[in-house]
Amino acid sequence: MADVLQLSTNSLQVPGEDRSASTSPSGSPSPSRNECSITPLTPSPSPRTELRPRVARPFSVVVAIDFGTTSSGYAFSFTEDPETIHMMRRWEGGDPGVANQKSPTCLLLTPDLRFHSFGFAARDCYHDLDPEEARHWLYFDKFKMKIHSTSDLTMETELESVSGRRVRAIEVFAHALRFFREHALKEVKDQSSSVLESNEVRWVITVPAVWRQPAKQFMREAAYLAGLVTPDSPEQLLIALEPEAASIYCRKLRLHQVIDLSQRPVTNGLDVDGSRPFDSSFRQAREQLRRSRHSRTFLVESGTGELWSEMQTGDRYIVADCGGGTVDLTVHQIEQPQGTLKELYKASGGPYGAVGVDLAFEAMLCQIFGADFIENFKAKRPAAWVDLTIAFEARKRTAAPGRANSLNILLPFSFIDFYKRHRGQSVETALRKSNMNFIKWSSQGMLRFSAEAMNELFQPTINNIIRHIENLMQKEEVKGVRFLFLVGGFAESPMLQRAAQNALGRNCRIIIPHDVGLTILKGAVLFGLDPTVVRVRRCPLTYGVGVLNRFVEGRHPRDKLLLKDGREWCTDILDRFVSVDQSVALGEVVRRSYTPARIGQRKIIINIYCCDTDDITYITDPGVRKCGAITLDLLESGAAAANVGENDKGSTFERREIRTTMQFGDTEIKVTAVDVATGRLVRASIDFLSN
Ligand SMILES: Nc1ncnc2c1ncn2[C@@H]1O[C@H](COP(=O)(O)OP(=O)(O)OP(=O)(O)O)[C@@H](O)[C@H]1O
Ligand SMILES: [Mg+2]
């Protein structure tokens, strides 16, 4: 296979050479006679492809949770009937003018930090609290974005509630996951006659593909805290990547389950006959959606869906998950005849989700009424602010490019009243003075947004998405894609659909699955049933550790010279495990051996470094950062004790070799280790949250 993991061999150990004892966490050198590096002891020259991992323990049901920025939900499937996916039951609530299949990602905690409610119930209860009382309660919404935007995420990272009180973010996520756990298990039990043991459930949580390791680990820790699974059985929880999950589902699509935006030739946004194609395809989509929303059970193809019958071997496609917070893309190829997926380019995307439109609306309000006034209003009249955002959400969803008439957004009475009292003038006067020609005041207490005004709110976000996809399509590995699947809630927007068709429709066919908002959930269930379906992934970053090499005059800079035991060493050299955008198949492993530096050493800790590029030599190069650490727990395996004079070959303890195996082809980086002398497993963990 041409694109298996290629490891640099500059740190290969010459077999049989004397190897001294040490790990080399950055800058902790230890000498060796090896011409190359002294640690790791025995890097694998190339990864071996092992059997694709199979389900390790029996489970009878897969429950997937789509933890979204704006909305969340779950779905499940029983392993004895894997072609049927059950969508979550609707618990309560709903918004006028907005058809949601998931629940809003809102959490309400009581003043003494206990869970109160989640979803519509949380929002409605917070809304109904007396404003004085509300100051003591903790209300959180759209909190997933914080995980993406925090560069130094740890278990201690805090989230601020609307009222300004701070709580550990991990607690907030755990409360939400616990809520889903309870609801999902109850529903699964209602549907299954047999008694369900907790280890019979495989949980899947979706995260954006662009999330880094710390964020993925954070989600895992939150799941442990919520009691979804225990840290002793980590394999019972899978982290799924959102666009990847969508892609897994898209493989199953039948022709009648999609809208193909390119089915009609479009010129400058209009059909050749001058009509507006989006109006009819949009109507069609709406109708399909309406129908699918009445059903909570979906059947999927057992093989590849008929949509793919037109595909040639090697055809590539992009899946763009256009959500509330992020737009997240993956590029795949279906491998026939197995139907497995191969990632062709590293996951990409950015914070270009539909909340960008909400923020543009808020910015427009600030422009008209003043940023200080809007801040004040949000703080003093939180319920009215919620009402205003609900009103905007409903109108935002009806915005369409072909629409000529204005959209009315009802301003809550308390907004009008609050403005008058604080500014001494009416909202109408403020609007007039702001010179916002696109927005008019209606005497019925509404802001009338012209089509141009609505367009202005969408354009910056949509432009970011289109620009990102255009750039992606320029990459060598992505050129010539045949299909672009738009999924996620924002993909329902005719504004986005139209812009995508106009800008990209000439390059590829743009497909919108019918129930776009649920595509990720359905795919996540399929992923839980068979996680080996994505056979090859691309590394998002370069990863490695710092090692010592023999110092070579003229090759290595003098400031890296280190003298130890009469030898000259070059310190801080990056021993690369994998390179950014490298193809790694499931089951391919990187092996390194480490050895304790002292008698009785309990732990070996090895710092991991990462970088966005591959063009690096030292761990001190610009752009390289310490991102995590591998811990090998020698005491538990008996390796530390065994070091003390028990080596039957009579050699020194330093020779004890802990063979460490790392996997980069999964959705999370995994590590295992073995004490070579005894053959016993060494407890190995990898931590990206303690930096
Ligand atoms: N017809 C529509 N027009 C415009 N925006 C829409 C439409 N339908 C849904 N949206 C937007 O899509 C978003 C919800 O999509 P989705 O549920 O996929 O996001 P999410 O999963 O919560 O976010 P993320 O995946 O980024 O974490 C909301 O911001 C909503 O306003
Ligand atoms: Mg989403």
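The values are calculated or read from the model by the stated rules, or taken from the named source; none is laboratory data. Being a predicted model, the structure only gives us computed values, none of them experimental. Neighbour counts are summed over all protein chains in view; Cβ atoms, including those assigned to glycine, are modelled from backbone coordinates with ideal geometry.
Exactly one residue among 117, 77, 71, 60 is modelled with pLDDT of 90 or more, within 19 Å of residue 386 (Cβ to Cβ) and away from ligand 2 (no atom under 16 Å from the Cβ), and that residue is 117. Out of 210, 204, one residue alone is within 16 Å of ligand 2 (Cβ to nearest atom), outside any helix (DSSP H, G or I) and farther than 18 Å from residue 521 by Cβ. It is 210. Of all residue pairs spaced 6 or more apart or on separate chains, those with beta-carbon atoms under 7 Å, a first member in the stretch 544-569 that is in a helix (DSSP H, G or I) and a second member that is among the acidic types (Asp, Glu) are 560/572.
Right, residue 427: in contact with a Leu (Cβ under 9 Å, 6 or more places away or on another chain), over 26 Å from residue 489 (Cβ atoms) and surrounded by 19 or more Cβ atoms within 10 Å (Cβ to Cβ) or not? Show your work before the answer.
Numbers: in contact with a Leu (Cβ under 9 Å, 6 or more places away or on another chain): yes; over 26 Å from residue 489 (Cβ atoms): yes; surrounded by 19 or more Cβ atoms within 10 Å (Cβ to Cβ): yes.
Considered against the rule, which asks whether it is in contact with a Leu (Cβ under 9 Å, 6 or more places away or on another chain), over 26 Å from residue 489 (Cβ atoms) and surrounded by 19 or more Cβ atoms within 10 Å (Cβ to Cβ), residue 427 comes out as yes.
Rundown of residues vs (1) on the phi > 0 side of the Ramachandran plot; (2) within 25 Å of the chain's Cα centre (by Cα); (3) at pLDDT 95 or above; (4) within 16 Å of ligand 2 (Cβ to nearest atom), yes/no style:
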site: 291; (1), (2), (3), (4): no, no, no, no
site: 297; (1), (2), (3), (4): no, no, no, no
site: 312; (1), (2), (3), (4): no, no, no, no
site: 327; (1), (2), (3), (4): no, yes, yes, yes
site: 337; (1), (2), (3), (4): no, no, no, no
site: 344; (1), (2), (3), (4): no, yes, yes, no
site: 353; (1), (2), (3), (4): no, yes, yes, yes
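Looking at the stretch 305-423, what helices (runs of 4 or more DSSP H) fall wholly within it and have at least 3 residues that are of a type in the set (Phe, Trp, Tyr)? Give the derivation first.
Details: elements: 355-369, 371-380, 382-398, 413-423.
Ranges flagged: 413-423.
Here 437, 502, 405 are screened, and the one residue that is in contact (Cβ under 8 Å) with a residue 24 or more places away in the chain, farther than 16 Å from residue 320 by Cβ and away from ligand 1 (no atom under 13 Å from the Cβ) is 405. In the set 242, 171, 182, only one residue is under 30 Å from residue 339 (Cα atoms) and acidic (Asp, Glu); that residue is 242.
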